[in-house]
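Have a look at the structure below, then the notes.
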């Protein structure tokens, strides 16, 4: 083996890279982009999870001679919760509205302080009560990371307030699961994985294949016929969309039969949303192919659409743990809508009447991607 000839090959490769400005830029931009996204996505903890509070507590019924606090204990606990960045406290008038807020997905949890909460606490401290002071806590457990963080925050606020007051009454948190009471971690995890796999496979397959059609001249030959650009794009969209729908069906069947995941809602609705994502992704793949002249350049796009979906769509890490200024990026990622919709269908039993905004957003992505691709084909050199 000649080291001189090997060095000549090395020299050729670097010479080619020097002339390929796009590939050279991607080599340095991609790792920086990946590190920044990973660092930002996993650097925080859950913040601003919506928590409803119903405070009916008062000092009524406590004799003046036994009066300990200057304000109801519930008010002190609520103030402590408001100081904690984990939750964002919103107040409502009654328990029915609080539970409805959790059921509609507007909040992750709700706590209800009854009218005699402070009085019951003092009775139990004196040994004159029934031994426990109940605190109703409604909780949505479909997102286990957020549910655990909200629960810890409430328990911490309750414990710290009582300890500072020098009392340790037996306050019992009566946790009432609104959604996903028996759900396991895999039930929360699998809907996101299905969406991500469909997103990855459909986008990459379409991207690489369409670039291959372009470099081989097949696309130019098609456009030399009476076919219009929109018709070509639509044809490819339908073909790859069918493949994506089949992939979505296979993933869902494996999730149900092999992993035995919990599906409370309509499985066909979950499939429909996932299938729509597959169509959106092939539209995205065709659009991305417009910026690549060969397969090697197409592959370089992968980190830029995979990593944000991997980290900023709520699949593995709750969006509530992502910095607040970065969360709006999730609205630009199609897979994030499918993750939310599928978890709502599978774990909450929601129907199309509750998830239609997600379906509308996916439809808008699909239409937009195809329209932009058609325009770019018309302006091709």
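Apart from one condition, residue 297 fits all of (1) at pLDDT below 90; (2) within 20 Å of the chain's Cα centre (by Cα); the exception is (2). Look at (1) assigned to a helix (DSSP H, G or I); (2) without any contact (Cβ under 8 Å) to a residue 60 or more places away in the chain and you find that residue 137 fails only one, number (1).
Against the test of being modelled with pLDDT of 80 or more and either assigned to a loop (DSSP other than H, G, I, E, B) or more than 18 Å from residue 195 (Cα to Cα) (or both), the options 328, 323 yield a single qualifying residue, 328.
The residue list 233, 273, 280, 238 contains one member that is surrounded by fewer than 20 Cβ atoms within 10 Å (Cβ to Cβ) and either touching a strand residue (DSSP E or B) at 6+ places or on another chain (Cβ under 7 Å) or assigned by TED's automatic domain parsing to the domain that holds residue 207 (or both), which is 238.
Tallying residues that are closer than 22 Å to residue 319 by Cα and surrounded by fewer than 20 Cβ atoms within 10 Å (Cβ to Cβ) within region 141-165 yields 5.
Against the list (1) crowded, with 17+ Cβ neighbours inside 10 Å; (2) part of a helix (DSSP H, G or I), the condition residue 367 fails is (1).
For residues in region 214-229 being at pLDDT below 75 and in a helix (DSSP H, G or I), which is nearest to residue 274 (Cα to Cα)? Can you show your working first?
Initially, region 214-229 is screened for residues at pLDDT below 75, giving 218-220, 222-224, 227, 229.
Keeping just the survivors that are in a helix (DSSP H, G or I) gives 218-220, 222-223, 229.
Values: 218: 30, 219: 29, 220: 32, 222: 31, 223: 31, 229: 27 Å.
Within region 214-229, the match that is nearest to residue 274 (Cα to Cα) is 229.
Yes/no matrix, rows are residues, columns are (1) outside the structural domain of residue 363 (by TED's automatic domain parsing); (2) in contact (Cβ under 8 Å) with a residue 60 or more places away in the chain; (3) loosely packed, with under 15 Cβ neighbours inside 10 Å:
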position: 214; (1), (2), (3): no, yes, no
position: 220; (1), (2), (3): no, no, yes
position: 245; (1), (2), (3): no, no, no
position: 251; (1), (2), (3): no, no, no
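Just one residue in the set 176, 194 is buried (at least 22 other Cβ atoms within 10 Å of the Cβ) and modelled with pLDDT of 80 or more; that residue is 194.
The values are calculated or read from the model by the stated rules, or taken from the named source; none is laboratory data. The model shown is predicted, which means the values in this text are computed figures rather than measured ones. So basically every Cβ, Gly included, is an ideal-geometry build from the backbone, and we count neighbours across all protein chains shown.
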